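First comes the structure, then the notes that go with it.
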Amino acid sequence: MNVKPQWFLIESEQAYHKAIARYEEIKHAKKGSDEHKEKMLLVHLIAEYEKSTLELPEVDPVEMIKIRMEDFGYKAADLANVYGDKGTISKVLNYKQPLSLTMIRKFSQLLRLPADSLIKEYELKTSV
């Protein structure tokens with residue numbers, strides 16, 4: 001007899017890791033299946049837990065991007081693949097050009113950052 005796991009609000013690190021492990025087991029479940037429904041529930045529960053426990057450092061958006069790039073092992077070329085222009089990415093990462101709305105949207109998704117953490121104002125470096 002196969003007993004289906006029951007999921008509740010994630011309130012501990014242990015429950016969080018259990019949910020992540022289960023998500024990894026069923027992440028390729030066929031759409032419409034019970035496992036797919038379970039996966040979608042887990043996505044929601046995991047996201048809510050992360051939102052309530054994740055504290056982002058108070059840094060400017062470019063530094064936040066650099067931190068997340070390091071977390072994921074990304075290079076500037078990875079951002080360029082998402083955005084499409086390596087030169088612009090270089091300018092942004094070197095504080096020579098501000099983030100555009102399109103960049104904010106794409107990098108928010110790629111780096112799993114809330115968009116509002118990327119829209120804060122920050123100083124650009126000007127050439128002397």
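The values are calculated or read from the model by the stated rules, or taken from the named source; none is laboratory data. Predicted model only: the values in this text are computed from it and were never measured. Here Cβ is always computed from backbone atoms with ideal geometry, including for glycine, and neighbour counts include all displayed protein chains. For accessibility, only protein heavy atoms count, side chains too; no ligands or nucleic acids. Shrake-Rupley method; radii C 1.70, N 1.55, O 1.52, S 1.80 Å.
Quick notes
- On the stretch given as region 67-78, residues that are under 16 Å from Lys106 (Cβ atoms) and under 13 Å from the mean Cα position of the chain (by Cα) total 4.
- Restricting attention to region 38-49, the residues that are among the charged types (D, E, K, R) and surrounded by 13 or more Cβ atoms within 10 Å (Cβ to Cβ) total 2.
- Of the criteria (1) within 27 Å of Ala115 (Cβ to Cβ); (2) assigned to a loop (DSSP other than H, G, I, E, B); (3) open to solvent by 90 Å² or more (accessible area, probe 1.4 Å), which one Lys4 fails: (1)
- Verdict on Val92 being in contact with a helix residue (DSSP H, G or I) (Cβ under 7 Å, 6 or more places away or on another chain) and surrounded by 17 or more Cβ atoms within 10 Å (Cβ to Cβ): yes
- Among residues of region 13-22 being exposed (fewer than 12 other Cβ atoms within 10 Å of the Cβ) and closer than 23 Å to Pro114 by Cβ, the one that is modelled with the lowest pLDDT is Glu13.
- Checklist (1) over 30 Å from His17 (Cα atoms); (2) open to solvent by 80 Å² or more (accessible area, probe 1.4 Å) applied to Tyr83, failing item: (2)
- With respect to the stated conditions, Ile119 fails to be touching a Pro at 6+ places or on another chain (Cβ under 8 Å), of a type outside the set (D, E, K, R), open to solvent by 40 Å² or more (accessible area, probe 1.4 Å) and under 30 Å from Ala15 (Cβ atoms).
- Against the conditions (1) in a loop (DSSP other than H, G, I, E, B); (2) closer than 27 Å to Glu48 by Cβ; (3) at pLDDT 90 or above, Ile104 satisfies every one except (1).
- Of the residues Glu48, Glu25, Glu35, the single one that is part of a helix (DSSP H, G or I), among the charged types (D, E, K, R) and within 16 Å of Pro114 (Cβ to Cβ) is Glu48.
- Residue in region 60-74 that is in a helix (DSSP H, G or I), within 26 Å of Val43 (Cα to Cα) and open to solvent by 80 Å² or more (accessible area, probe 1.4 Å) present: yes
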